[in-house]
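The values are calculated or read from the model by the stated rules, or taken from the named source; none is laboratory data. All figures in this text were calculated on a predicted structure; none of them were measured in a lab. Please note: Cβ atoms are built from the backbone with ideal geometry, for glycine as well, and neighbour counts cover all protein chains shown. Keep in mind that these areas ignore ligands, DNA and RNA; they rest on the heavy atoms of the full protein, side chains included. Shrake-Rupley method; radii C 1.70, N 1.55, O 1.52, S 1.80 Å.
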Amino acid sequence: MIEPDTIKLLRECDAGIKMGVASIDDVLDHVRSNNLKKTLSCCKQEHEKLKDQVQQHLDRFGDAGKNPNPIAKGMSWMKTNMKLNMEESDTTIADLMTDGCNMGVKSLSRYLNQYQAADENSKDIAKRLIHLEAQLATDIRGYL
């Protein structure tokens, strides 16, 4: 059952990438530090590169991909805006992004374990996305 697991894993990667890019977009205009802005922008670019790879693989299967859960996306947007309205700072942004990265690593790891029959290319994409999220959380610790 390689194909169904492959498609399911790619869909989850697609949704995770879209959520990550949207989260970065939500905070980018509020960032004060040029270094933090550069770190977030670079991470966004890497997410978009992975998005293209995911889409190429999904296209092979005739699958349109998956959008993030609208409730999760809405809750994330509300949390971001509430926290930034209370205190607009790089510390707040780093805190929000770290929480998001940790949630991304956790969910993607769960999906990687759940869809073990996925092909190696899809697993590799998921692992690179997990690494990207974990690396961002590490890179922005200095702003917490």
Query raised in the report: So, in the stretch 1-28, of the ones that are of a type in the set (D, E, K, R) and over 18 Å from the mean Cα position of the chain (by Cα), which residue ends up surrounded by the most Cβ atoms within 10 Å (Cβ to Cβ)?
Result: D5
Report summary line: Going through (1) open to solvent by 50 Å² or more (accessible area, probe 1.4 Å); (2) charged (D, E, K, R); (3) in contact (Cβ under 8 Å) with a residue 40 or more places away in the chain; (4) more than 15 Å from S23 (Cβ to Cβ) one by one, K127 fails only at (3)
Report task. Report the residue count in the stretch 15-36 for those that are part of a helix (DSSP H, G or I) and either in contact with an Asp or Glu (Cβ under 9 Å, 6 or more places away or on another chain) or among the hydroxyl-bearing types (S, T, Y) (or both). Result -> 6
Requested in this report: Evaluate the stretch 58-78: report whether one residue or more is over 18 Å from L129 (Cα atoms), hydroxyl-bearing (S, T, Y) and either without any contact (Cβ under 8 Å) to a residue 60 or more places away in the chain or surrounded by fewer than 17 Cβ atoms within 10 Å (Cβ to Cβ) (or both).
Outcome: yes
Query - Tally, over the stretch 130-144, of residues that are surrounded by fewer than 16 Cβ atoms within 10 Å (Cβ to Cβ) and more than 18 Å from K18 (Cα to Cα) - result: 4
**Report entry** Any chance A94 is small (G, A, S), open to solvent by less than 20 Å² (accessible area, probe 1.4 Å) and touching an Asp or Glu at 6+ places or on another chain (Cβ under 9 Å)
**Finding:** no
**Report entry** Test for L50: is it over 17 Å from R110 (Cα atoms), in a helix (DSSP H, G or I) and open to solvent by less than 20 Å² (accessible area, probe 1.4 Å)
**Finding:** yes
Query raised in the report: L58: part of a helix (DSSP H, G or I), aliphatic (A, V, I, L, M) and in contact with a Gly (Cβ under 7 Å, 6 or more places away or on another chain), yes or no?
Result: yes
Report task. Only residues that are open to solvent by 30 Å² or more (accessible area, probe 1.4 Å) and either out of contact with any Gly (no Cβ under 9 Å at 6 or more places or on another chain) or modelled with pLDDT under 95 (or both): list them for the stretch 36-47, please. Result -> K37, K38, T39, S41, C42, Q45, E46
